[in-house]
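The values are calculated or read from the model by the stated rules, or taken from the named source; none is laboratory data. This is a predicted model, so every value here is computed, not measured. Cβ coordinates were reconstructed from backbone atoms using ideal geometry, including for glycine residues, and neighbour counts include every protein chain displayed. Side chains are part of the model used for accessible areas, which takes the heavy atoms of the whole protein and leaves out ligands, DNA and RNA. Shrake-Rupley method; radii C 1.70, N 1.55, O 1.52, S 1.80 Å.
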Amino acid sequence: MNKTTVLFIVGALHRAGAERFAYEIDLALNKNKFKISILCLQNKNHISAKWDSRYYEDKHEALGTNVIYIDEFLENNKTSLLERIFHKLTKKKFKKVIKDKYKKTLYSYLDKFDVIHWMGEYTFIHQVTTEIKKKSLIHSMCAKFQDPTLYDNYDFDYPYEFLSGFYNEEVAFEYSEFKSIKHNYFPLTLKIDKNKNTWKYPYGEIKKIGIFTRLDKNKPLDPFFYAFQLLLDINPNTELHIFGNGNPKEEGMLDYLDRLGISEKVFFRGHQEDISKIAINERLNLSWFQGYNNRTPAGFAGFDICLTGTPLICWDFFSAPTNPFNFIYPHFKNLNQFVDFTSQVLNNKDKAEELSNMQFKDVLSNRDIDRFISDLENLYLQLSQRE
């Protein structure tokens, strides 16, 4: 039987959300039916300032997945010395020729695959042909609260095929500029190999809150900083520990803390290889996380934390939440309510354990990728047969 060939296009292969999603899918797909390849949009020799390795490269290759890099498809658009001299002598009277970024061989390469799965709306190459667009599945990995200009380069008249974890009312908001698209729902899911809640309520005098996120302007932390200042008024023995890659000074976060006068209580702990072990070993009382429209934590790290049993509370980044209050994953849009609920979980063992158990059981029941992967496989088959 001929296998359906699928190309994943990823921005990078570091430990980030879109890259994690690509790996979870590669791990779960039926390899008797699908052959996966990966095109990484980074140069092969690119050295990241934030990451010391391409974490998922070896993991994909161990699954039999071929990984290539964009280098061989890039045009050499460096301006020659003669061109620079010419433009200087003519005082730039002649416009520079705008050269294509990609060689035509890129489009020939893409055309060889039955399906192209773009891992992140920001990875989509807008110069591709209509034939390539027809077999493209664009996975939205960000949301407008992170970047309102996400889709500015798209053709709003073209009926793209999108995939995301957005529900109906959120789809209307996220893709409001488009005249006609097809949207497919697929939740954040992962391979689950745990069946026991290992978190224990910490009785120590110091209460510890953890945040697990990459330090980046597109992952705002300011509501948590404001909330933490208020929380210290009623729970002065509380610490905020932020785990994740990035430079807090370069991202302006230290300025926030200094203006709020809470620098001594906030600790940036850097990248962690295993956040599940950190959550347990650090004896965290709870975790704060980004949420979206009173639903679930908006990222894999949130589900990883819930699988440890560590209670999780969300700040809602949807502009005007429409869903009712979520008792399993409490979301808040009001600082005082967020702080009050946090204080209750910090100081009430029964409330903390109830929240812990509800979240652990919900992830076990509803986030196992083996329950959903057939939906994506069927979608791949439909795209591969499209005329």
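What the table below lists for this structure:
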item: Which listed pairs, of Lys277/Lys361; Lys44/Lys277; Lys101/Lys135; Lys179/Lys333; Lys219/Lys349, have C-alpha distances above 24 Å, in listed order; result: Lys44/Lys277; Lys179/Lys333; Lys219/Lys349
item: Taking the chain and dividing mean pair separation by its residue count, relative contact order in percent (alpha carbons under 8 Å, at least six apart); result: 15 percent
item: For the stretch 248-387, alpha-carbon Rg relative to the globular expectation (2.2 N^0.38 Å, N residues); result: 1.26
item: Simple Cβ-charge dipole of the stretch 106-168, Lys/Arg +1 and Asp/Glu -1, about Cα centre, in debye nearest 20; result: 140 debye
item: Farthest positive-ward along the chain dipole, Cα basis, beta-carbon charges - from Tyr380, Ser136, Thr322; result: Ser136
item: Heavy-atom accessible surface of the stretch 232-387: percent carbon and sulfur, 1.4 Å; result: 45 percent
item: Estimated [θ] at 222 nm from DSSP helical runs (n ≥ 4, -39500 (n - 2.57)) normalised by residues in the chain, nearest 500; result: -10000 deg cm²/dmol
item: Accessible area (Å², per residue) of the stretch 188-230, counting only protein heavy atoms and a probe of 1.4 Å; result: 50 Å²
item: Cleavage-rule hits (chymotrypsin sites (Phe, Trp or Tyr not before Pro)) in the stretch 170-244: DSSP loop, at most 12 neighbouring Cβ within 10 angstrom; result: Tyr203
item: Between helix 222-234 and the chain: long-axis angle, C-alpha atoms, 0 to 90°, nearest 10; result: 10 degrees
item: Exceeding the 23 Å Cα-Cα cut-off - candidates Lys59/Lys191; Lys133/Lys191; Lys35/Lys191; Lys31/Lys144; result: Lys133/Lys191; Lys31/Lys144
item: Inter-centroid distance (Cα atoms) of the stretch 126-149 relative to the stretch 180-252, Å; result: 28 Å
item: Low-density loop cleavage sites - trypsin sites (Lys or Arg not before Pro) in the stretch 228-325, where at most 14 other Cβ are within 10 Å (DSSP); result: Lys249
item: Heavy-atom surface of the stretch 256-360, accessible at 1.4 Å and reported per residue (Å²); result: 41 Å²
item: Dipole in debye (nearest 20) - the chain, about Cα centre, beta carbon charges: Lys, Arg +1; Asp, Glu -1; result: 1260 debye
